[in-house]
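**Q** This structure is in structure tokens; I'll ask about it shortly.
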Amino acid sequence: MARPTLAVWKFSSCDGCQLSLLDCEDELLAVAGAVDIASFLEASSQVRPGPYDLSLVEGSITTPHDAERIKEVRAQSKLLVTLGACATSGGIQALRNFGDHPRLMATVYARPQVIATLATSTPISAHVKVDLELRGCPVNKAQLLEVVSAVLNGRKPVVHTHATCIDCKLSGTVCVMVAKGLPCLGPVTHAGCGALCPQYARGCYGCFGPSDAPRTTPLAQRLLEGGASPGEVRRLFLSFNAAAEPFQQEAERHVDPDHHR
Amino acid sequence: MSTRTITVENLARVEGEGALTLVMEQGRVTQAKLRLFEPPRLFEAVLQGRSCLETPDLTARICGICPVAYQMSACHAVEDALGVKVGGALRELRRLLYCGEWIESHVLHMVLLHAPDFLGVPDVMALAKVAPERVKGALAIKKAGNAIVATLGGREIHPVNARVGGWHRVPAKAELEALLPALRAARAEAEQTLDWVAGFDFPAFERDYELVSLKHPREYPMNEGRLVSTSGLDLDVREYRSHFVEEQVDHSTALHSRIIGRGGYQCGPLARLVNNFELLTPGALAAARRVGLDPSCRNPFRMLVVRGVETIYALDEALRIIGSYAPPEAPSVPVTMKAGTGQAITEAPRGLLYHRYVLDEAGLVRAAQITPPTSQNQRTIEEDLFALGGALAAMPLEAATRYAEHAIRNYDPCISCSTHFLTLRKEPGE
């Protein structure tokens with residue numbers, strides 16, 4: 001049987017999610033033996049035309065050109081899996097969605113009019129059908145390997161959607177919110193990182209995006225009661241998954257009086 | 001007469017998206033356009049109104065390959081604004097984190113991205129068939145570097161532990177000592193990797209670059225030092241903006257860095273080595289001499305050999321730091337918000353990374369400037385392509401294309417890092 005063909009694509013992103021594949025030092029050569037890497041520009045100058053059995057897509061859509069390019073990628077791909085916060089929720093560059101776009105552009109570029117860019121950063125699913133979304137900023141290596149392995153074996157990948165808070169309890173970490181009063185998004189954040197931040201004595205900053213049915217409002221209430229300012233609550237929800245609906249909606253309930261714009 | 005155009009629509013084995021167009025007429029290059037078309041991500045704009053304490057985690061997302069560099073430059077720049085000093089073991093741990101990133105990033109570039117050019121194969125998978133032991137060894141070194149970042153920071157990419165004032169949590173001595181066996185094995189392997197890459201064929205190509213790096217009186221530079229160059233620059237990093245500008249070129253939105261009154265310059269491993277040669281560890285110094293590297297080197301094609309030497313240095317330094325580590329009493333020093341302006345430069349694997357923040361009295365960012373190493377090197381990369389014109393013109397088109405790409409990869413360009421949108425630059429007079 002022919003090995004399944006794999007393609008890796010980049011849109012607006014930091015490269016970190018596809019780097020996760022090259023960071024699988026122990027598994028890289030085995031993966032390369034099990035799949036036929038047909039297109040992976042960051043790793044190889046050999047690029048073959050589609051169709052592809054599995055496309056891994058990193059990054060969000062922020063330019064008119066990319067809004068077209070993703071359609072071509074979809075047309076060439078049997079299965080399309082998005083990698084990470086940018087591809088799944090628009091990423092940190094979706095912070096532009098909350099600002100005045102011409103003004104943001106003028107802050108960075110002297111002649112913004114010559115640059116073709118969209119006023120919003122949107123996830124891949126806003127443009128084409130996505131078969132599976134992997135969360136995280138960056139994705140978890142083990143989850144990435146699980147997806148590739150599931151596709152190879154024709155089964156459904158096991159990716160849990162519960163809150164990070166549960167993983168934290170399972171790991172036996174003392175709650176940083178209860179014990180230290182630190183703001184923590186663990187109760188509303190999608191699992192996948194292994195509850196890293198509390199193990200490093202800080203609150204979760206939500207880089208895996210909203211969990212299944214997140215109750216953001218009681219959490220925000222608790223943060224305010226704990227002394228956080230509305231601006232702090234707003235900023236906490238507006239980071240790497242700012243455009244994920246539950247986070248965006250919660251953020252918009254809190255006005256940031258400190259904000260200068 | 002004969003006009004030839006080399007076009008590479010998508011540069012491979014670089015971080016991010018870029019394209020190349022070279023036009024050659026009568027044996028010389030008349031146009032070199034290195035077009036970096038990474039979509040703009042507007043970091044400097046969206047940082048406005050954010051807390052300065054968020055800048056290390058937010059700016060890390062500019063680059064998944066060198067997030068530690070962004071975290072370090074952001075921490076130091078904010079600390080400069082707030083008048084915070086981080087010393088002792090807290091400072092040593094920052095250096096250790098940086099060692100981890102230098103190791104993983106350098107080996108990624110040397111073996112996975114650049115070595116295929118020298119051996120005429122498309123990628124590391126093909127390389128693993130012709131040099132299996134070297135690839136396996138390199139992956140083990142890379143893993144050891146990543147293990148430092150993951151132990152100190154929780155994960156390899158976008159680690160979570162560094163903060164303004166120090167760390168969220170400092171490791172126990174035993175956590176760091178667990179890294180020692182893999183680091184010692186990597187240290188031995190790194191000598192072999194260095195000898196291997198030093199044996200590649202290097203084109204006889206040199207230019208009289210102005211090499212710019214940090215310089216510290218006692219240590220090979222990572223987190224701090226004065227800004228020096230081979231043409232006599234010797235500045236406090238706070239003077240950066242008085243001597244370096246980012247500018248737009250006609251018919252272009254490219255923001256190229258330039259030294260005022262002089263022009264292009266080179267930052268990165270070669271600049272660090274030349275300006276700090278005597279500060280290498282004895283082991284790294286001996287390795288450098290063995291492979292014929294000294295401060296007179298001006299051949300950009302040998303930059304991967306320099307990365308090999310710096311990998312040995314970073315492993316030596318990591319072993320030293322872990323060996324002498326005693327956990328500090330507190331994971332961070334107190335930080336109090338106040339208005340001010342802060343600046344810092346640290347040495348990312350690819351070179352100088354400048355951050356500047358203007359903060360208000362609540363510690364919110366009013367203005368941010370971030371200048372990554374690839375923006376600083378872009379002018380120099382294009383000038384290299386012009387200088388290679390004769391050699392490129394004499395080659396068949398396909399070989400010339402490969403050679404031009406190879407010359408670009410000398411710099412390990414990180415296009416994702418280019419927070420500014422860069423596009424074609426035309427030569428004057430054309």
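The values are calculated or read from the model by the stated rules, or taken from the named source; none is laboratory data. Because the structure is predicted, anything quoted here is derived from the model rather than measured. So basically every Cβ, Gly included, is an ideal-geometry build from the backbone, and we count neighbours across all protein chains shown.
**Q** Could you please let me know if residue A:206 is over 23 Å from residue A:79 (Cα atoms) and outside any helix (DSSP H, G or I)? Walk me through it before giving the result.
**A** Numbers: over 23 Å from residue A:79 (Cα atoms): yes; outside any helix (DSSP H, G or I): yes.
Criteria met by residue A:206.
**Q** I would also like to ask the following. Can you name every residue in region B:114-159 that is surrounded by fewer than 24 Cβ atoms within 10 Å (Cβ to Cβ), more than 10 Å from every other protein chain (Cβ to nearest Cβ) and farther than 28 Å from residue A:36 by Cβ?
**A** B:151
**Q** Same structure, new question: Can you tell me which residue among B:96, B:90 is more than 13 Å from chain A (Cβ to nearest Cβ), closer than 22 Å to residue B:311 by Cα and not in a loop (DSSP other than H, G, I, E, B)?
**A** Criteria check complete, one pass: B:96.
**Q** Just checking, does region B:283-292 include any residue being surrounded by fewer than 21 Cβ atoms within 10 Å (Cβ to Cβ), in a loop (DSSP other than H, G, I, E, B) and out of contact with any helix residue (DSSP H, G or I) (no Cβ under 8 Å at 6 or more places or on another chain)?
**A** Looking for residues that are surrounded by fewer than 21 Cβ atoms within 10 Å (Cβ to Cβ), in a loop (DSSP other than H, G, I, E, B) and out of contact with any helix residue (DSSP H, G or I) (no Cβ under 8 Å at 6 or more places or on another chain), one finds none in region B:283-292, hence no.
**Q** Only one of these is at the interface with another protein chain (Cβ under 9 Å from one of its Cβ atoms), among the polar types (S, T, N, Q) and more than 24 Å from the chain's Cα centre (by Cα): A:20, A:13, A:45. Name it.
**A** Unique residue meeting the criteria: A:45.
**Q** Moving on to the next point. Condition first: within 11 Å of another protein chain (Cβ to nearest Cβ) and modelled with pLDDT of 85 or more. Can you find one or more residues in region A:49-59 that meet it?
**A** yes
**Q** So, one more: Scan A:53, A:26, A:100, A:36 and give me the residue that is closer than 16 Å to residue A:130 by Cα and surrounded by fewer than 22 Cβ atoms within 10 Å (Cβ to Cβ).
**A** A:53
**Q** List the number of the failed condition for residue A:158; all other conditions in (1) surrounded by 17 or more Cβ atoms within 10 Å (Cβ to Cβ); (2) out of contact with any Ser or Thr (no Cβ under 7 Å at 6 or more places or on another chain); (3) outside the structural domain of residue A:226 (by TED's automatic domain parsing); (4) free of Cβ contacts under 8 Å to residues at least 40 places away in the same chain hold.
**A** (1)
**Q** Out of all the residues in region B:57-87, which are part of a loop (DSSP other than H, G, I, E, B) and farther than 26 Å from residue A:109 by Cβ? Don't jump to the end; show me each part of the working.
**A** Step one: filter region B:57-87 for residues part of a loop (DSSP other than H, G, I, E, B), giving B:61-66, B:83-87.
Once the filter is applied, which keeps residues that are part of a loop (DSSP other than H, G, I, E, B) and farther than 26 Å from residue A:109 by Cβ, region B:57-87 yields B:83, B:84, B:85, B:86, B:87.
**Q** Checking the conditions here, which among A:198, A:214, A:187, A:246 is outside any helix (DSSP H, G or I), crowded, with 16+ Cβ neighbours inside 10 Å and not assigned by TED's automatic domain parsing to the domain that holds residue A:136?
**A** A:214
Results for (1) aromatic (Phe, Trp, Tyr); (2) at pLDDT below 95, shown as yes or no for each residue.
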residue	(1), (2)
A:177	no, no
A:187	no, no
A:191	no, no
A:208	yes, no
A:217	no, no
A:235	no, no
A:247	yes, no
A:261	no, yes
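**Q** A further question on this structure: Quick check, is residue A:69 within 14 Å of chain B (Cβ to nearest Cβ), under 28 Å from residue A:256 (Cα atoms), outside any loop (DSSP other than H, G, I, E, B) and among the charged types (D, E, K, R)?
**A** It is false that residue A:69 is within 14 Å of chain B (Cβ to nearest Cβ), under 28 Å from residue A:256 (Cα atoms), outside any loop (DSSP other than H, G, I, E, B) and among the charged types (D, E, K, R).
**Q** Another question, if that's okay. Show the residue pairs that are 6+ apart or on different chains and have beta-carbon atoms under 6 Å apart, the first residue being within region A:223-246 and facing chain B (nearest Cβ under 9 Å) and farther than 22 Å from residue A:13 by Cα, the second being charged (D, E, K, R) and not in a helix (DSSP H, G or I).
**A** Within 6 Å, the pairs are A:231/A:256; A:231/A:258.
**Q** With B:317, B:347, B:329 as the choices, which residue is closer than 24 Å to residue B:149 by Cα and free of Cβ contacts under 8 Å to residues at least 60 places away in the same chain?
**A** None of the other options fit; the residue is B:329.
**Q** Would you point out which residue out of B:180, B:176 is under 30 Å from residue A:173 (Cα atoms), crowded, with 16+ Cβ neighbours inside 10 Å and either in contact with an Asp or Glu (Cβ under 7 Å, 6 or more places away or on another chain) or in contact (Cβ under 8 Å) with a residue 60 or more places away in the chain (or both)?
**A** When all the criteria are applied, what remains is B:176.
**Q** Consider only pairs whose beta carbons are under 9 Å apart and that are at least six residues apart or on different chains; among these, list those whose first residue lies in region B:194-215 and is more than 20 Å from residue B:402 (Cα to Cα) and whose second residue is surrounded by fewer than 14 Cβ atoms within 10 Å (Cβ to Cβ) and among the polar types (S, T, N, Q).
**A** Between residues of region B:194-215 that are more than 20 Å from residue B:402 (Cα to Cα) and residues that are surrounded by fewer than 14 Cβ atoms within 10 Å (Cβ to Cβ) and among the polar types (S, T, N, Q), the close pairs are B:210/B:231; B:211/B:231; B:212/B:231.
**Q** Could you tell me how many of the residues in region A:11-52 are assigned to a strand (DSSP E or B) and more than 21 Å from residue A:66 (Cα to Cα)? Write out each step before concluding.
**A** Looking only at region A:11-52, we keep the residues that are assigned to a strand (DSSP E or B), and these are A:12, A:36-40, A:44, A:52.
From the residues that got through so far, the ones that are more than 21 Å from residue A:66 (Cα to Cα) too are A:36-37, A:44.
Counting residues in region A:11-52 that are assigned to a strand (DSSP E or B) and more than 21 Å from residue A:66 (Cα to Cα) gives 3.
**Q** Another question, then. Could you grab me the full set of residues in region B:83-130 that are out of contact with any Cys (no Cβ under 7 Å at 6 or more places or on another chain) and of a type in the set (Gly, Ala, Ser)?
**A** B:83, B:87, B:88, B:89, B:100, B:115, B:120, B:126, B:128
**Q** Determine the pairs where a residue that is free of Cβ contacts under 8 Å to residues at least 24 places away in the same chain, located within region B:125-136, has a partner that is part of a loop (DSSP other than H, G, I, E, B) with Cβ atoms under 7 Å apart, the partner being 6 or more residues away or on another chain.
**A** B:127/B:121; B:130/B:121
**Q** Restricting region B:46-56 to residues that are surrounded by 24 or more Cβ atoms within 10 Å (Cβ to Cβ) and part of a helix (DSSP H, G or I), which is nearest to the other protein chains (Cβ to nearest Cβ)?
**A** So the residue we want is B:46.
**Q** For the list (1) in a helix (DSSP H, G or I); (2) surrounded by 18 or more Cβ atoms within 10 Å (Cβ to Cβ), I need the number of the one condition that residue A:80 fails.
**A** (1)
**Q** Look at residue B:105 and say whether it is crowded, with 24+ Cβ neighbours inside 10 Å, modelled with pLDDT of 95 or more and within 11 Å of chain A (Cβ to nearest Cβ).
**A** Yes: the conditions hold for residue B:105.
**Q** In this structure, does residue A:95 turn out to be facing another protein chain (nearest Cβ under 10 Å), part of a loop (DSSP other than H, G, I, E, B) and aliphatic (A, V, I, L, M)? Full working, then the answer.
**A** Working: facing another protein chain (nearest Cβ under 10 Å): yes; part of a loop (DSSP other than H, G, I, E, B): no; aliphatic (A, V, I, L, M): yes.
So residue A:95 does not fit the description; no.
**Q** All but one of (1) within 18 Å of residue B:9 (Cα to Cα); (2) crowded, with 21+ Cβ neighbours inside 10 Å hold for residue A:48; state the number of the condition that does not hold.
**A** Failed condition: (2).
**Q** State all residues of region A:98-120 that are in contact (Cβ under 8 Å) with a residue 40 or more places away in the chain and either part of a helix (DSSP H, G or I) or more than 8 Å from chain B (Cβ to nearest Cβ) (or both); if no residue qualifies, say none.
**A** If the condition is that a residue be in contact (Cβ under 8 Å) with a residue 40 or more places away in the chain and either part of a helix (DSSP H, G or I) or more than 8 Å from chain B (Cβ to nearest Cβ) (or both), then A:98, A:100, A:103, A:116, A:118, A:120 are the ones that fit.
**Q** Next question, about the same structure. Please pick out the residue among B:86, B:111 that is under 25 Å from residue B:319 (Cα atoms) and surrounded by 24 or more Cβ atoms within 10 Å (Cβ to Cβ).
**A** B:111
**Q** Restricting to region B:3-45, name every residue that is within 7 Å of chain A (Cβ to nearest Cβ) and at pLDDT below 80. Working first, answer last.
**A** So in region B:3-45, the residues within 7 Å of chain A (Cβ to nearest Cβ) come out as B:10, B:12-13, B:15-17, B:39-42, B:44-45.
Scanning region B:3-45 gives B:10, B:12, B:13, B:15, B:16, B:17, B:39, B:40.
**Q** Continuing with the same structure: If residue B:160 satisfies every condition in (1) touching a residue at least 24 places away in the same chain (Cβ under 8 Å); (2) over 19 Å from the mean Cα position of the chain (by Cα); (3) in a helix (DSSP H, G or I); (4) more than 12 Å from residue B:101 (Cβ to Cβ) but one, which is the exception?
**A** Only one criterion is unmet by residue B:160, namely (3).
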